[in-house]
Amino acid sequence: MASDPKMIPQSDLLSAEANQAAALATFGGVLTVDLDAIIANWRKLEKTAVPAECSAVIKADAYGCGAEQVARALNKAGCKTFFVATIEEARKVRAAVPEPTIYVLGGYFQNTGEHYAQINCRPVIGDLNELAEWDVFCRRTGWTGGAAVHIDTGMNRLGLTVAEAQAIIPRINAGDHGITLVMSHLVSAEQLNSPVNARQLAAFRGIASEFSGVPAALANSSGVFLGAPFQFDLVRPGAALYGVNPTPEADNPMQPVVDLKARIVQIRNVERGESVGYGGTWTARRPTKLAIIAVGYADGYFRAASSNDGTRGAEVIVAGKRCPVAGRVSMDLIAIDITDLPPNAARRGHMVTLLGEGITVDELAHHFGTIGYEVLTSLGRRYARIYKGGNEVEPLAKPTPAQAAEQQPPAPPPIEQPASPPPLPD
């Protein structure tokens, strides 16, 4: 006897695709991250940098793409070293990938040593005070987890000066120093002919060669494509993993990673001469059909993408064709001119493409008046998020308390009476 359909859960009556559509119905937009594309980009960078190790920068939630998911995918693909910005970012990544090396770019502060030890990650030290405080912690506890030394070769942001780095070389070469990486950061790597690149390379090569036996890293995403002299022992790509062009003077060698769609909430008509949006800055020059889309600057679609009577703004893919933004982007909504589409090509409830189908991160960044990094890291949290590809990547699951205890690295020895910092150069 057949069961009463009314008694069967609706989800059991629908296909997987229909179930997904039903689940997404409450969201105004859908952000899809292609993990296979991230893996392919990492492998291309790895191949370009051979024999250097290829790490992955996954700070800022993997540039908005999901640090835990990206870390798991790349680790399964063979990535053994990750860089994040803060200890809290490292904590999330460590919960997803228990084995790889994790460096924290934000440096070391007094009383944070226990946090580094608890999750077995390494600070990137860029100041003599940081180095002294780190040494105190290691001597007090016996912790041997390692750390990187950052040397400033021209950015003038973080890092020991070259003179400071030279002053600690005798101590480094004395052995048992715990330094596992020496690194610097390029200022203008995306500009192939920038003279700054050559100056930084010469400065870093000179100082890194004196850190006997310590691996060296200089190249970021764009630096990987500057050639073998810049690659040293390890490269640190970030934005290129997520589809941002690391060679803006040439075609993008990376695969697109992010697809962003948003829902049409209303179709409406305006007469010639009527204005659209806040401030009335865009005026219809003909009878116009508009699609109102459920996305705005609160979702990371910048107000700078607006159009007015004198300037064309960004474009959106509707029913396979590019259609321009009409008027100002507001907090939750944008208007799109769909007058030139065939009748009924766009309807209420349909999804349009804001990023993808030929609209690249770099194109959108141009309309936003910024760079692809900011576009990706600004993508809002109101989107439904879908991860596709990376079939070898298992779903994230929270470990039981017992499993969590087993996975936790051994705690550092109890802290005894403070010791004096080891001598450092004046």
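The values are calculated or read from the model by the stated rules, or taken from the named source; none is laboratory data. Only a predicted model underlies this, so the values are computations on that prediction, with no experimental measurement involved. Note: ideal-geometry Cβ built from the backbone for every residue, glycine included; neighbour counts use all protein chains shown. Side chains included, ligands, DNA and RNA excluded: accessible areas come from the protein's heavy atoms. Shrake-Rupley method; radii C 1.70, N 1.55, O 1.52, S 1.80 Å.
Quick notes on this one:
- The criterion of at least 1 residues that are closer than 20 Å to ILE179 by Cβ is met, among helices (runs of 4 or more DSSP H) falling completely within the stretch 65-122, by 87-96, 113-119.
- One residue stands out among those in the stretch 181-209 that are in contact with a strand residue (DSSP E or B) (Cβ under 9 Å, 6 or more places away or on another chain) and not hydrophobic (A, V, I, L, M, F, W, C): the one that is surrounded by the most Cβ atoms within 10 Å (Cβ to Cβ), which is SER184.
- Residue in the stretch 266-276 that is in contact with a Phe, Trp or Tyr (Cβ under 7 Å, 6 or more places away or on another chain), open to solvent by 60 Å² or more (accessible area, probe 1.4 Å) and not in a strand (DSSP E or B) present: no
- Strands (runs of 3 or more DSSP E) within the stretch 307-394 that include 3 or more residues closer than 29 Å to THR283 by Cβ, modelled with pLDDT of 95 or more and not basic (Lys, Arg): 315-318, 334-337, 351-355
- If you go through the stretch 65-85 and keep only what is acidic (Asp, Glu) and open to solvent by less than 10 Å² (accessible area, probe 1.4 Å), you end up with nothing.
- Meets criteria (in contact (Cβ under 8 Å) with a residue 12 or more places away in the chain and under 19 Å from the mean Cα position of the chain (by Cα)) for ARG328: no
- Test result for THR247, under 30 Å from CYS138 (Cα atoms), hydroxyl-bearing (Ser, Thr, Tyr) and at pLDDT 95 or above: no
- Any hit, the stretch 304-313, residues being open to solvent by less than 40 Å² (accessible area, probe 1.4 Å), farther than 29 Å from LYS76 by Cβ and in contact (Cβ under 8 Å) with a residue 60 or more places away in the chain: yes
- Members of the stretch 35-64 that are assigned to a strand (DSSP E or B) and either among the aliphatic types (A, V, I, L, M) or buried (at least 23 other Cβ atoms within 10 Å of the Cβ) (or both): CYS54, ALA56, VAL57
- Test for ALA95: is it within 17 Å of VAL214 (Cα to Cα), open to solvent by 10 Å² or more (accessible area, probe 1.4 Å) and of a type in the set (Gly, Ala, Ser): no
- For the stretch 219-262, a residue qualifies if it is touching a helix residue (DSSP H, G or I) at 6+ places or on another chain (Cβ under 7 Å), surrounded by 20 or more Cβ atoms within 10 Å (Cβ to Cβ) and without any contact (Cβ under 8 Å) to a residue 60 or more places away in the chain, and the qualifying residues are GLY223, LEU226, PHE230, PRO246.
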